[in-house]
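Take a look at the structure below.
The values are calculated or read from the model by the stated rules, or taken from the named source; none is laboratory data. Source: prediction; values computed, not measured. Here the Cβ positions follow ideal geometry from the backbone for every residue, glycine too, while neighbour counts run over all protein chains shown. Side chains are part of the model used for accessible areas, which takes the heavy atoms of the whole protein and leaves out ligands, DNA and RNA. Shrake-Rupley method; radii C 1.70, N 1.55, O 1.52, S 1.80 Å.
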Amino acid sequence: MPDPPKIPLLHPFPILEIPTDLAACPWARATLGLDGEELRGAIAGHLPLPADPALARLREKLLTYHPAGIVTYSSRSYLQLDHPEIDKEDEGIGESYYLGYPALREEVAAAITDALHTLGIAGAVSAALIEFYALFPGLREDFQCTGHFIQPGEWHTLGSMLSDVPDIIPQEPWASAICLYHARNGDDVVLSSSGEVAWYCIAEAEIIPIASDFSGFLDYLIGYLDLRWPLDSYGPD
């Protein structure tokens with residue numbers, strides 16, 4: 001078995017034969033030999049329609065993106081979806097998103113429960129949060145150390161992240177907020193135990209509210225996708 005690629009490796013559609021590094025990839029098996037509308041239909045069929053309305057809108061939005069291929073990186077594989085207006089000659093971060101294959105909701109709920117128990121946090125769980133992590137595990141816009149949603153088993157609190165600089169740790173409920181998304185500019189999307197979602201802006205060391213719940217954050221994310229810009233607290237100038 002070859003070593004996992006240290007840089008992202010794209011297998012463009014149509015994939016007519018499954019290569020070794022995609023042998024265990026469900027997306028490869030689901031899309032083998034497909035292109036055009038058949039490919040889009042197959043992808044839609046493997047993304048279950050969620051109960052949460054905001055998450056359903058995010059699913060619908062991503063299904064308007066162009067399926068470019070399957071990317072392998074660090075022993076994992078992702079479906080690459082390009083913004084429908086993307087210019088391949090001038091492609092940048094924020095114009096493509098990468099999706100892992102959907103996970104079982106029960107397994108995701110158990111992983112989130114275990115993560116919160118490990119962190120000693122009560123609350124913060126909503127049906128929308130569980131559905132999101134089940135439908136889009138590993139959702140990311142980049143393959144370096146930033147630009148991705150953090151998996152439940154790797155969650156940490158904002159306070160623990162800032163433990164080396166205690167003077168800038170925010171007051172509760174944000175000190176014990178979970179870091180959900182690590183942006184390329186160092187910002188983090190954080191979720192408080194009461195369910196509120198905010199940016200932690202590292203440059204100003206301040207909390208910038210986004211939404212009163214995770215479903216509201218999903219609507220924010222949907223609106224951000226059209227900016228074709230790396231997801232961070234500033235957005236394009």
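Where helices (runs of 4 or more DSSP H) fall wholly inside the stretch 5-71, the ranges with 1 or more residues that are touching a residue at least 40 places away in the same chain (Cβ under 8 Å) are 26-31, 53-62. Out of Ile86, Ile18, Ile7, Ile70, one residue alone is farther than 16 Å from Phe132 by Cβ, aliphatic (A, V, I, L, M) and surrounded by 20 or more Cβ atoms within 10 Å (Cβ to Cβ). It is Ile70. Among the conditions (1) surrounded by fewer than 18 Cβ atoms within 10 Å (Cβ to Cβ); (2) within 19 Å of Val197 (Cβ to Cβ); (3) under 14 Å from the mean Cα position of the chain (by Cα); (4) not polar (S, T, N, Q), the only one that Ala134 does not satisfy is (1). In the condition set (1) closer than 30 Å to Thr64 by Cα; (2) open to solvent by less than 60 Å² (accessible area, probe 1.4 Å); (3) assigned to a loop (DSSP other than H, G, I, E, B), Ala124 is compliant with all but (1). The sole residue among Arg76, Arg57 that is open to solvent by 40 Å² or more (accessible area, probe 1.4 Å), under 17 Å from Tyr133 (Cα atoms), of a type in the set (Lys, Arg) and modelled with pLDDT under 95 is Arg76. The single residue among Glu106, Glu95 that is touching a Lys or Arg at 6+ places or on another chain (Cβ under 9 Å) and of a type in the set (Asp, Glu) turns out to be Glu95. If the condition is being of a type in the set (A, V, I, L, M, F, W, C) and over 24 Å from Arg59 (Cβ atoms), then the stretch 199-222 contributes Cys201, Ile202, Ala203, Ala205, Ile207, Ile208. Here the stretch 155-172 is the region considered, the condition is being assigned to a loop (DSSP other than H, G, I, E, B) and more than 15 Å from Ala124 (Cβ to Cβ), and the residue that is nearest to the chain's Cα centre (by Cα) is Leu162. Is there a residue in the stretch 218-233 that is modelled with pLDDT under 95, farther than 28 Å from Trp27 by Cβ and hydroxyl-bearing (Ser, Thr, Tyr)? Within the stretch 218-233 (the criterion being modelled with pLDDT under 95, farther than 28 Å from Trp27 by Cβ and hydroxyl-bearing (Ser, Thr, Tyr)), the answer is yes, since at least one residue qualifies. Counted as qualifying within the stretch 173-237 are the strands (runs of 3 or more DSSP E) with 3 or more residues that are surrounded by 17 or more Cβ atoms within 10 Å (Cβ to Cβ) and under 14 Å from the mean Cα position of the chain (by Cα), namely 178-182, 188-191.
Specify the residue that is nearest to Pro14 (Cα to Cα); the eligible residues are those in the stretch 72-93 that are of a type in the set (A, V, I, L, M) and in a loop (DSSP other than H, G, I, E, B).
Applying the first criterion (of a type in the set (A, V, I, L, M)) to the stretch 72-93 yields 79, 81, 86, 93.
Restricting the remaining residues to those that are in a loop (DSSP other than H, G, I, E, B) gives 86, 93.
On the way: Ile86: 19, Ile93: 23 Å.
If we take residues in the stretch 72-93 being of a type in the set (A, V, I, L, M) and in a loop (DSSP other than H, G, I, E, B), then Ile86 is nearest to Pro14 (Cα to Cα).
Considering only residues in the stretch 94-120 that are assigned to a loop (DSSP other than H, G, I, E, B) and open to solvent by less than 30 Å² (accessible area, probe 1.4 Å), the one that is nearest to Ala56 (Cα to Cα) turns out to be Pro102.
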